[in-house]
Every structure is written in C-alpha cells, then in structure tokens.
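Take a look at the structure below.
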Amino acid sequence: MRRPVFIFLLFCLCGITSLKARDIVPFNDKWFFKKDSLSTEVTIPHTWNATDMQIKAKAFYEGSASYRKNCLFPESWKGKRLFLRFEGVGSCAEVYVNGKLTGSHKGGYSAFTCEIQNEIKFGEENEIKVLVDNTARPDVIPVNHNLFGIYGGIYRPVWLIITDSCNIAVTDHASSGVYISQKNVSRQSAEISVKVKLDNNGLHPVPVILENVIYDVTGKQIAAERQSFDLQFQGMQTRTSHFKLKRPHLWQGREDPYLYKVTSRLYQNGKVIDEISQPLGVRNYEIIAGKGFFLNGKKYPMYGVARHQDWWETGAALSNEQHDTDLAFIMDIGATTVRFAHYQQSEYLYSRCDSLGLIIWAEIPFVNRVTGKEWENAHNQLRELIRQSFNHPSIYVWGLHNEVYQPHAYTAQLTRSLHDLAKTEDPGRYSVAVNGYGHAEHPVNMQADIQGMNRYFGWYEKKIRDIDAWVEHLETEYPEMKLMLTEYGADANLQHQTEFLGESLNWTKEFYPERNLAMDIPVLEIFVLLFLLFIVAYYINSDRSALSRSIMIASRSPVYWWVSKYIIAVLAALVYMVLIIVTFAVSGFAVLGNKFSLRMHFTARENIKLILGSEDISCNTNVVLLMVLCTLSLITACIIILLVSYVFNSIFG
C-alpha cells in the first residue's frame, strides 16, 4: 500500500538528479502523523494544537507525537551531502533516519539542521522519523505555557538541502553560513564586510576559490572579490571579504526599502560547487536618549505594533499567504515598526519586512518566569536567532527577555550574560530587555542597551492620561537613559466584554470574562421565543380555551371581551419574557442591547458550578442547560396561564 508514496517521492527527487551547485527541495508532503494510536497523513506545516489550544485555556494537548516519512534517494546522490532543515518544531525534537539518531533540538521557534547522508541507503527505501514534544520544561524557554501556548508539531516548512562535499556551512546553527556586516554608513560611503563559513567533509585539503559579489537591484555587479586557498578539512573555516561602497543607495525604511544582493560562490576546478545569496540593505540605526530613533541620520517615526504568529483554527502552522495577510494589515494601518513577540518568527516574514521597509524587533521566548535551569538554552536560542537572522536589514534590535523577575539576582545576571552574547555575535545592533514595572531602578533593569517598559495606563492601571506624568518623570530623572515604551494600549475586541469595572482592568482576574459561542445571529433564542409566544397567543385566542370562555362570560360587551383577552395575552407574554430573562441570567447568559446573545459570563458560570456542584461547565453544556431552562420556563408560563384560567372559571364559571 505504501508503494505509490515511494513512487511519488522518487519522481520528485529524481526530478533534480541534475544537481546545481546547491539544491534546496521542499520536504513537506506525505508525512504520517501519529499521536496515541491514530496515524493520519499530513502536509507540513502541521500542528496538533490547531484548535484545542484556542478554545479553552490550559485544556490543550501537551505531550509527544511523531512524524514519519518514507522515501527513496537516487544512487546518483552518493558522494553528496544531504541535510534536513527544519524551520520550526514545537518544541523539542529528535530526528531519526532508518532508526538512527541524526539530530536533536530544544526550542520551538528557531530552525535546526541535521546531516543525514551517512545513514541513507541510496536506491533503497528510507524512513525519516521525527519525535516531537511540546511539554513545558524548566530547561527550555519558555518554561511554561502561561503567556502563550507552544504549538506542538512540525509547524514550519522542512527542506532537503543537497551540496557537494565542500560547501558553505549548512550546520552553523542552521544559518546561511554568510554574515554581512556594515559600518561607517553614510550617503557618501559604506564599509561592507562579508564573512563566509566553509566546511570540507573530506580527509584532505581541497583547493578552492571563494567569490563574493554585490549586485544592485537591477542585477548589475557593483563590487566583487575573489580568494584562492586550500580549504582545510578539520573544522569549519572562515574567510572575509571587505568592500567600500561609494554613494550607496540607502535602505530608508518604508520610504525606500532598497535592497542590494550579496552572492557568495565556492569554486572547485573552475566549477561552482556551492552558492548562497543574501539581502543587503545599507543602513544605520541610532537611538539617542531624549531625542528618539534615527535611520541614516534622519529622525524616523516609530509607529509600532506587536505580532504573534497564530491564526484561528490554524494555530502556528501558517502559510506564506497568511504571513502576507498579517503584514498587509500592519502596512495598512501605517505602522513603521513591528515587535515580533515573544519569540523568533518565520524566516519568510523577516525577508518580507526587508522588502517592505518595516523596522523589526526580534526576540527570544524568555518570558514571565525563570527556573534557574534555562541558562544554557536561553543562550543557545539567542545565538540561533542572531545567526539565522543576521543579514536581515530590517532588524535593529535583539530582545533578551520580557517581564522576567524573581529571583532578581539570577535574572539580572542571566540578562547581562545574554547581552554580552548578543554584542559578541553582532556588535552592530542593539539589545533590549523589558520590564513591566514603571521605575528604572528595578533590580533586573539596565542590563541591555535599551530598557523597555510595558505600561497599560487605562487598562491594567490608572487612567490613560496618567502616562504623561510618568513619561515626564523618567525624562527628568534619567535624561541619558535609552528608554522605550514597549507595550501599551487597552483591550479592543468588541467580542470580549468584562464585568469587572473600574478605572482600569483588574489584571488578577480573567482578562476576558466572556466567550462568544459563535452565534452572531441568535437563531436559538429567536426560535424558542417566537415558538413559545405563538403557543401562548394561540391558546389565549382560542374560543375553546377555558380562559377565553371565562373572559366571554365576564364580559358585558364584545369590545370588552376582545380588549380583556388581549390584555391578558400581553400580560402572559410579559410573564414569559421575565421568566426567560431570569433563565438567561441564572444559566450564565446575558441579554445585551436589543438582542439576545449567547455570551457566557464567568461570574454566572461560577454560580452554575455552585448550584450544580460541577468543577467544569463547558460551552456545549451551557447550551444544553439553556435549552433545558427555557423548557422549564415554558412549563412555568403554561402553569401560570392555567392558574389564571382556573381563577376565572372559579369566579365566572
């Protein structure tokens, strides 16, 4: 039964047997996902938390699962080097080829590569298996799911990379192997350095030529340099080319996101055996305390938003089209800068920001809690973020942590060490750490180039206008300090309501005390209400009803009979309406505005728990409960009408 899969994969792989200097092949189809005992065919990107993580807090699957793919690699690939590059797996992974471990990774947001040719059986069937686990761990950041959930699965694309024995390094923390630096940037000139890491998988030195070329946006070559040398075989080797561009076309954000292209080529015996191209946006960022942000010497407005990477019923397994949709929204509102919170995001996304001219804050998921066991992993994730994203001109700052506090001494020391790592890896960019308190002297502060502060005046605290006094105080007390307001605002989702009123939100309570049960048109309520009112009206207006006969007997004229009958009908309907409203209130539902709305109040839900003695009331249970109570309301209304009929019959019958 599996042979069609093998034939398909063989066709796809054999279609590139005439290999170029480097081939990069999508490796996303025909994976078999297995959780518990159930196995299904999926296409990468894929997450097993696409829906459960978004429906109810702390009720999603957190654990292990596996992915398996069977394929054939052609005999002609013997002697080549094969790598699997995973752009994102949440959050810990082990990769096996034919049952042998070829790589592992800890961290749900950065890429990693595995070299696999030594375990491959060329011309035969091979099994690729990936074990994935998104269980929160004290030694892997983020250490919990509290601030945001870690989507389990291979939720970003997988690539098969094929190179010669000598190549531009593929396994340098899954980076491009090429690092472009710039300094002394002005409109007159710019100094550009291109550092290339090279790898020889053989047992002898190999004579090679490394060529680095800079092209303008039209493809015209504007600078080039060649180096000839013997590529050694013991460990990675590094070579650097230096250029000085005269009157460069600067990358000026949204105004003019001009991109050069840097291409690095490796030659052996006159033939290109590897090639990598990277973007080059010539620019200079500067932050001046008390004055603001400057791009190429020009003050630049920072109209910012933050972006998380998940979509409804898709989770984090996003397509490039979905990334583009998010960026289109961001561009449409006039934003000039984006904080990609609170973790490394898609490589495609960063590349698009280069082209769009958005100025980017990239950060690692060191958030909200420390355990004392995350030191090594935090450093490794920061190193991966920097090396994998090094050449994106849109990135101006590396984020080290967000609202991490106790124990203060440990957190401050870890943040200081992360800052040192960031400046060692990339001296040309800023580092930033963020605090949720509004005073500069907090014990974990001042460990990075920029001190960020999250303040939610008018939401978490005080009133919106109180931000003025806070800013003026900081400007007066710390005029030399680089400070940034890194989160702000208030809740703005019309589908979310709150019962906890005051000058600002009580953040110790549920942020969103109501949930929309996806009934924008209240079909259920309208149907029940109209149906039951029809029954009441029909009964009262029936000449055969006891109530109608009683009114007729008591009436002195037909007009009085009709008026009395309809007054009682209205009163009966009002009684039923009161009962319905009481029903909704008791069952945890509200009448909002001029329509009934299926929105569940947490406070009312707590009352239901007390009444029923239940530990948990799901949304579906509440819908059933509503229907039951509506039925009880109908019965009660009918009993009241019968009692009224009985009284009339007793008096007038």
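The values are calculated or read from the model by the stated rules, or taken from the named source; none is laboratory data. Computed from a prediction, not measured in an experiment: that's the story for all the values here. Every residue, glycine as well, gets a Cβ built from its backbone with ideal geometry; the counts of neighbours run over all protein chains shown. Each accessible area value is taken on the protein alone, full model and side chains, heavy atoms only, with ligands, DNA and RNA left out. Shrake-Rupley method; radii C 1.70, N 1.55, O 1.52, S 1.80 Å.
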State the number of residues belonging to the range 309-321 that are open to solvent by less than 30 Å² (accessible area, probe 1.4 Å), under 13 Å from E87 (Cβ atoms) and outside any loop (DSSP other than H, G, I, E, B). 0
Only one of V208, V185, V213, V196 is modelled with pLDDT of 95 or more, part of a strand (DSSP E or B), touching a Lys or Arg at 6+ places or on another chain (Cβ under 7 Å) and surrounded by 14 or more Cβ atoms within 10 Å (Cβ to Cβ), namely V196
Quick one: in the range 279-303, of everything that is in a loop (DSSP other than H, G, I, E, B) and within 16 Å of D426 (Cβ to Cβ), which residue is least open to solvent (accessible area, probe 1.4 Å)? G281
Residues in the range 243-273 that are in contact (Cβ under 8 Å) with a residue 40 or more places away in the chain and assigned to a loop (DSSP other than H, G, I, E, B) total 5
Criterion first (in contact with a helix residue (DSSP H, G or I) (Cβ under 9 Å, 6 or more places away or on another chain), polar (S, T, N, Q) and either within 30 Å of F60 (Cβ to Cβ) or in contact (Cβ under 8 Å) with a residue 12 or more places away in the chain (or both)) does S389 satisfy it? yes
When K121 is run through (1) basic (K, R); (2) in contact (Cβ under 8 Å) with a residue 60 or more places away in the chain; (3) open to solvent by 50 Å² or more (accessible area, probe 1.4 Å); (4) more than 20 Å from R383 (Cα to Cα), the failure sits at (2)
Before we move on, is I276 in contact with a Phe, Trp or Tyr (Cβ under 7 Å, 6 or more places away or on another chain), at pLDDT 95 or above and part of a strand (DSSP E or B)? no
Restricting to the range 438-477, and then to whatever is among the hydroxyl-bearing types (S, T, Y) and in contact (Cβ under 8 Å) with a residue 40 or more places away in the chain, can you tell me which residue is nearest to L400 (Cα to Cα)? Y456
Can you give me the number of residues within the range 322-364 that are surrounded by fewer than 18 Cβ atoms within 10 Å (Cβ to Cβ), touching a residue at least 60 places away in the same chain (Cβ under 8 Å) and either of a type in the set (K, R) or in a loop (DSSP other than H, G, I, E, B) (or both)? 0
Could you tell me how many of the residues in the range 61-90 are open to solvent by 10 Å² or more (accessible area, probe 1.4 Å), more than 15 Å from D36 (Cβ to Cβ) and part of a loop (DSSP other than H, G, I, E, B)? 5
Among the residues of the range 185-230, how many are under 30 Å from K298 (Cβ atoms) and not aliphatic (A, V, I, L, M)? 14
Name the one entry in L198, L147, L131 that is within 17 Å of Q344 (Cβ to Cβ) and among the aliphatic types (A, V, I, L, M). L147
Residues within the range 75-100 that are out of contact with any Asp or Glu (no Cβ under 6 Å at 6 or more places or on another chain), farther than 21 Å from S389 by Cα and of a type in the set (A, V, I, L, M, F, W, C), tallied: 4
When (1) under 24 Å from R383 (Cβ atoms); (2) outside any strand (DSSP E or B); (3) hydrophobic (A, V, I, L, M, F, W, C) are applied to A306, the one that fails is (2)
Quick check: anything in the range 13-26 closer than 24 Å to L318 by Cβ, open to solvent by less than 60 Å² (accessible area, probe 1.4 Å) and at pLDDT below 95? no
